[in-house]
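**Q** This is the structure I want to talk about, given as structure tokens.
The values are calculated or read from the model by the stated rules, or taken from the named source; none is laboratory data. This one's a predicted model, so the numbers in the text were calculated from it and none came from an experiment. Every residue, glycine among them, receives a Cβ derived from its backbone with ideal geometry; neighbour counts consider all protein chains shown. For the accessible areas, the whole protein counts, side chains as well, though only heavy atoms, and no ligand, DNA or RNA atoms are used. Shrake-Rupley method; radii C 1.70, N 1.55, O 1.52, S 1.80 Å.
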Amino acid sequence: MKFSSKIEKCGYSPIRKFYSYQVECEKQGKKIHHLNIGQPDIQTPRNFFTAVKDFDEKVVAYAPSPGIPELIGAIRRYYERIGVELSDSDIIITTGGSEALSMSFQCILDEGDELLAPEPLYSNYLTFTTMTGGKVVPIPTDPANGYRYAKRELLERYVTEKTRGLLITNPGNPTGVVLTKEEQQVIADFARDHGLFLIVDEVYREFVYNGQKLSSFGSFEGIEDNLIIVDSVSKRFSACGARVGALISRNKELIAHALKICQARLSVATLDQVGAAALYDTEESFFEEVRAEYKKRRDTVCEELGKIPGVSFDVPEGAFYLMASLPVDDTDRFQRWLFTDFETDGETVMFAPGDGFYRSPGLGKNEIRIAYVTNSDELRRSIRVLAEGIKRYNSL
Ligand SMILES: Cc1ncc(COP(=O)(O)O)c(C=O)c1O
């Protein structure tokens, strides 16, 4: 049987590809410390569950293709509170931020088209772009420089006649880099001057730890036609399983095209939208507490990593990830070994190998991405298990 060349070109997610190893380890009774996946343990606000329980229709019907009006209205009011004026028709509800990403790429990329994106990047961007026939052109960054990429001369170097857009995550996954307001302006000017789509993945908007109040790109003027915002309830409300996100743009043509895909895929899950609409009533204190908790977790991870000889990293300013360089030859191989040949007190550790976060072949081989989404005690233990693993692997 013949498969599409596009799917043949895609790789597995570095975050999930070791699942079968995980299952095997667990069968053997080994405890696995999870540093691999951005699944927070923070409790989802109760209003999600209450709204779903109170659902009182006789039929679980299809929702409208662009999303239910209650949720669209809730998102519009949320944006108003953070200084972004939208109309309901600028918002399309999607199955997670993931569908907003793939839908955006389907609307703007043709075979051979290019999307600029700073590297390392969220690995699933590669699968979604590859499936359109387009490709990511990586903008190199450097941890020694805090992974900063919003420099006009750097971005200019990668523009060709095939460039259709610039894709960024702010705050960044996997690096934790957070753009300053001035840097955001550089990005906005660059996209506007070149007539490029600016796809901003802001799913971690609330998670900034240096006291900076992050502005959404939606509040910048002059880029109304360029801007596509990718948003989600997954991380904001610790509701990853709700699978509710949004594609937001003031570009009417883009929205009109995206609606064709929405109508073809019928609708996003009705009950999850009902629950998600209620989430937007969550009090501000929830975010303050969650932010303080993630900051503590980040500090714990950095403190413990700092004790391991040969490990280097840049302290993340936002989101809940960190890229670390380890003193091992190949973190993919090291991860397999941690599953099959290692344990300390019946425990091992799981991370996401770094090369999957790079588009450039050969990069990230000795790096890992850590998600600091479990409590500080658990994280401390996880990093200590990692340290023990490094020591033993290197003495083989
Ligand atoms: C940067 C980024 N964008 C988008 C997503 C998609 O999340 P979801 O589809 O759960 O909204 C994730 C998930 O981890 C992410 O890290």
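**Q** If I compute solvent accessible area with a 1.4 Å probe over the protein chains, what percent of it on segment 46-279 is carbon and sulfur?
**A** C and S fraction of accessible area: 53 percent.
**Q** Using unit Cβ charges (K, R positive; D, E negative) and no other charged atoms, how large, in debye to the nearest 20, is the dipole of segment 46-279 about its Cα centre?
**A** About 560 debye.
**Q** Once the other residues with Cβ under 12 Å from the Cβ of E288 are scored (Lys, Arg +1; Asp, Glu -1), what is the net sum?
**A** Local charge sum for E288: -3.
**Q** Longer than 28 Å from Cα to Cα, which of K2/K252; K365/K391; K135/K260 are they? Say none if no pair is.
**A** Correct reply: K2/K252.
**Q** If you stretched the chain out fully between L271 and Q43, how much longer would it get, using 0.36 nm times the residue separation minus the C-alpha to C-alpha distance?
**A** 80.2 nm
**Q** Normalising by the residue count of segment 46-279, find the relative contact order in percent from Cα pairs under 8 Å and 6+ residues apart.
**A** 31 percent
**Q** Take every Cα pair under 8 Å in segment 100-231 that's 6+ residues apart, average their separations, divide by the length, and report that relative contact order as a whole percent.
**A** 23 percent
**Q** Just to be sure I understand: with springs between alpha-carbon atoms less than 10 Å apart, which residue in L35, L271, L154 has the highest mean-square fluctuation in the Gaussian network model of the chain?
**A** Looking only at L35, L271, L154, the largest GNM fluctuation is found for L154.
**Q** According to a simple spin-label model (label point 7 Å from Cα along Cα-to-Cβ), what is the distance in nm between E221 and E111?
**A** 4.4 nm
**Q** To the nearest 10 degrees, how steep is helix 376-394 against the longest Cα principal axis of the chain, on a 0 to 90 scale?
**A** Tilt of helix 376-394: around 50 degrees.
**Q** In what sequence, largest accessible area first, do S13, S285, S249 appear using a 1.4 Å probe?
**A** S285, S13, S249
**Q** For segment 11-29 and segment 191-247, what is the separation of their Cα centres, given in Å?
**A** Cα centroid of segment 11-29 versus Cα centroid of segment 191-247: 31 Å apart.
**Q** Right, here's the next one. Report the gain in length on full extension from R157 to N210: 0.36 nm times residue separation, minus Cα-Cα distance, nm rounded to one decimal.
**A** Contour length minus Cα-Cα distance gives 16.0 nm.
**Q** Using the heavy atoms of the protein chains alone and a 1.4 angstrom probe, what is the accessible area of segment 46-279 per residue in square angstrom?
**A** 39 Å²
**Q** How much of T160 can a 1.4 Å solvent probe reach, expressed as accessible area in Å² and rounded to 10?
**A** Answer for T160: close to 60 Å² accessible.
**Q** Note down the nm distance, to one decimal, between modelled labels 7 Å out along Cα→Cβ at F287 and at D56.
**A** According to this spin-label approximation, the distance is 3.1 nm.
**Q** Quick check for you: which residues of segment 13-50 have the amide N under 13 Å from the point 7 Å beyond the Cα of R336 toward its beta carbon?
**A** Label zone hits: 18, 21.
**Q** What dipole magnitude, in Debye to the nearest 20, does the chain give about its Cα centre under +1 on Lys/Arg Cβ and -1 on Asp/Glu Cβ?
**A** I would put it at about 800 debye.
**Q** Would you calculate, for the chain, the mean residue ellipticity at 222 nm contributed by helices, counting each DSSP H stretch of 4 or more residues as -39,500 (n - 2.57) and dividing by all residues, to the nearest 500?
**A** -11500 deg cm²/dmol
**Q** Filter the GluC sites (Glu not before Pro) in segment 1-106 to those in DSSP coil with at most 11 other Cβ atoms within 10 Å of their Cβ, and list the result.
**A** Sites meeting the loop and neighbour criteria: E57, E85.
**Q** With all protein chains present, calculate the accessible area of Y209 using a 1.4 Å probe and round the result to the nearest 10 Å².
**A** We get 10 Å² for Y209.
**Q** In nm, to one decimal, how far is the modelled label at E253 from the one at S312, with both set 7 Å along Cα→Cβ?
**A** According to this spin-label approximation, the distance is 4.6 nm.
**Q** Sort K30, K6, K213, K296 by accessible area with a 1.4 Å probe, largest first.
**A** Solvent-accessible surface, decreasing: K213, K296, K6, K30.
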